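Take a look at the structure set out below.
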Amino acid sequence: MDKLMSEIIRLGNSRRWSDVVIYGGIARWVEVAEDLSGDARSQITQVLEQINTTLVQIGSDNARLLEVLIFLADFRDAEVLNELWDNWVQPGNLPIRACVQAGLGAGCRVEILVSAAAASPPNP
Amino acid sequence: MDKLMSEIIRLGNSRRWSDVVIYGGIARWVEVAEDLSGDARSQITQVLEQINTTLVQIGSDNARLLEVLIFLADFRDAEVLNELWDNWVQPGNLPIRACVQAGLGAGCRVEILVSAAAASPPNP
Amino acid sequence: MDKLMSEIIRLGNSRRWSDVVIYGGIARWVEVAEDLSGDARSQITQVLEQINTTLVQIGSDNARLLEVLIFLADFRDAEVLNELWDNWVQPGNLPIRACVQAGLGAGCRVEILVSAAAASPPNP
């Protein structure tokens, strides 16, 4: 196995969690909007853009998404989620997706747990 | 690595998500009952049967389940879940299982995120 | 691939779930506090200690954690979670972490879904 498969690669410099963990060829990460002052549309837009940024960072792209687990603070935001989601995903290369309502941190409307195939060695 | 390990295999033809994604030898998918008009017992029964169908589709079986994350709309349904679950799983080949209450889509009583070892190349 | 990568290893003797499932070099498991009579601080302390015990059992350690998905019965317990978490994790070797509020079983304040790289063959 090459390094991408056998080593744990961690990105980010938080003291509480890694931004991304890559192991066995799979990258996993959690996204919440960087700016929590906006409404659900703003936060979901941010989170999807942040996922794109992370995909570039790990040498992958959104045709290589595997699994997306979405927590919404209010399930009524599923409609706007779906609108933004449908314009974001790549038809023919869709991840699996679960979406549930759960309690999130103060002001947070959406939290997404993502996994993607890490295509090539990342540039930390 | 053979194809099962190195390629992303996606099943299903929804425009919003894949029914199943297989990568690195592991299949992942999300199940909700196809008929959401029934009660929790009906929906859980359906979902477990649907998981069986998917396992066959990917060339696996329920002795190769790895992880099951269950979202119930009402935790009081855990009792019927456990009754049906105990008759469904294979003793000696049990997955790990988490079960929590979360808000689900309209009429949906249960949503399950599953992973299983994909034993052999699937027949898409 | 060696046995750690290609076989499904299951630990525990419950009739309902495995305590740990190892496949493809990754161990996955779910922890709730063994003693549910205590408050959130007690239960979170127990769960983190139980994770340590499981890590030893599978020949890993908490520098090899990959992903931690935390369900709190009450999000107000996030503060004590973070206090205990910060003293538990290994700086520089942090997992990704998601934390949401969800309904849990009677008396249960915290349920954690964990994955870690299984460094060496476990001793079942």
Open item on the list: Threshold 20 Å², probe 1.4 Å: give the residues of region C:11-50, in number order, that are less accessible with all protein chains present than with their chain alone.
Closed with: C:Arg15, C:Arg16, C:Trp17, C:Ser18, C:Val21, C:Tyr23, C:Ile26, C:Arg28, C:Val30
- [ ] Can you work out the accessible area per residue across chain A, with the rest of the protein chains kept in place, probe 1.4 Å, in square angstrom?
- [x] 41
Open item on the list: I need the Debye-formula profile for the protein assembly as shown: one equal scatterer per C-alpha, no solvent, reported as log10 I(q)/I(0) at q = 0.08, 0.13 1/Å, two decimals.
Closed with: -0.36, -1.07
Open item on the list: I'd like the accessible area for B:Trp17: 1.4 Å probe, protein heavy atoms, all chains in place, Å² to the nearest 10.
Closed with: 90
Task: Under the Karplus curve 6.51 cos²θ - 1.76 cosθ + 1.60, θ = phi - 60°, whole-Hz ³J(HN,Hα) for region B:98-114, x wherever Gly or Pro sits - done: 10, 9, 9, 8, 8, x, 10, x, 4, x, 7, 9, 8, 9, 10, 9, 10
Task: Folded to 0 to 90 degrees: helix B:78-88 orientation relative to chain B principal axis, Cα - done: 40
- [ ] Give the relative contact order (percent, whole number) for chain B; include only Cα pairs under 8 Å separated by 6+ residues.
- [x] 34
Task: Listed residues B:Glu49, C:Glu83 arranged by accessible area, highest first, probe 1.4 Å - done: B:Glu49, C:Glu83
- [ ] Report, to the nearest whole %, how much of the accessible area of chain A belongs to carbon and sulfur atoms, 1.4 Å probe, protein only.
- [x] 46
Open item on the list: What's the total accessible area buried between chains A and C, using a 1.4 Å probe, rounded to the nearest 100 Å²?
Closed with: 2000
Open item on the list: Distances in nm, one decimal, shortest first, from B:Gly92 to the same residue in every other copy, taking the label point 7 angstrom along Cα→Cβ.
Closed with: 4.6, 4.6
Open item on the list: Label position 7 Å from Cα toward Cβ: report the copy-to-copy distances for C:Leu36 in nm, one decimal, ordered from shortest.
Closed with: 2.9, 2.9
TODO: Would you mind getting me the FRET efficiency between C:Asp39 and A:Asp35? Use the beta-carbon distance for r and R0 = 45 Å, nearest 0.05.
DONE: 0.85
TODO: Quick one: angle between helix B:40-57 and the longest Cα principal axis of chain B, in degrees between 0 and 90, rounded to 10, please.
DONE: 10
- [ ] Return the tail of the calculated pair distribution for region A:17-73, meaning the percent of Cα-Cα pairs more than 15 Å apart.
- [x] 51
TODO: Using only the alpha carbon atoms of chain B, find the Kirkwood hydrodynamic radius as the inverse mean reciprocal pair distance, in angstroms to one decimal.
DONE: 14.9
Task: Copy-to-copy label separations for B:Arg76, where each label sits 7 Å from Cα toward Cβ, in nm and ascending - done: 2.5, 2.5
Task: In Hz, Karplus ³J(HN,Hα) per residue of region C:24-31 (6.51, -1.76, 1.60; θ = phi - 60°; x = Gly, Pro) - done: x, x, 10, 9, 10, 7, 10, 10
Task: Rounded to the nearest 20 debye, dipole of chain C from Cβ charges on Lys, Arg, Asp, Glu - done: 420
- [ ] Compare each residue of region C:78-99 in its chain alone against the assembly with all protein chains, and report those whose accessible area goes down by 50 Å² or more; 1.4 Å probe, heavy atoms.
- [x] C:Asp86, C:Leu94, C:Ile96, C:Arg97
TODO: Counting only trypsin sites (Lys or Arg not before Pro) that are in a DSSP loop and have at most 15 other C-beta atoms within 10 Å, tell me the longest site-free stretch of chain C.
DONE: C:17-124
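The values are calculated or read from the model by the stated rules, or taken from the named source; none is laboratory data. It should be emphasised that the depicted structure is a prediction, and the values quoted were computed from it without experimental measurement. Cβ coordinates were reconstructed from backbone atoms using ideal geometry, including for glycine residues, and neighbour counts include every protein chain displayed. Side chains included, ligands, DNA and RNA excluded: accessible areas come from the protein's heavy atoms. Shrake-Rupley method; radii C 1.70, N 1.55, O 1.52, S 1.80 Å.
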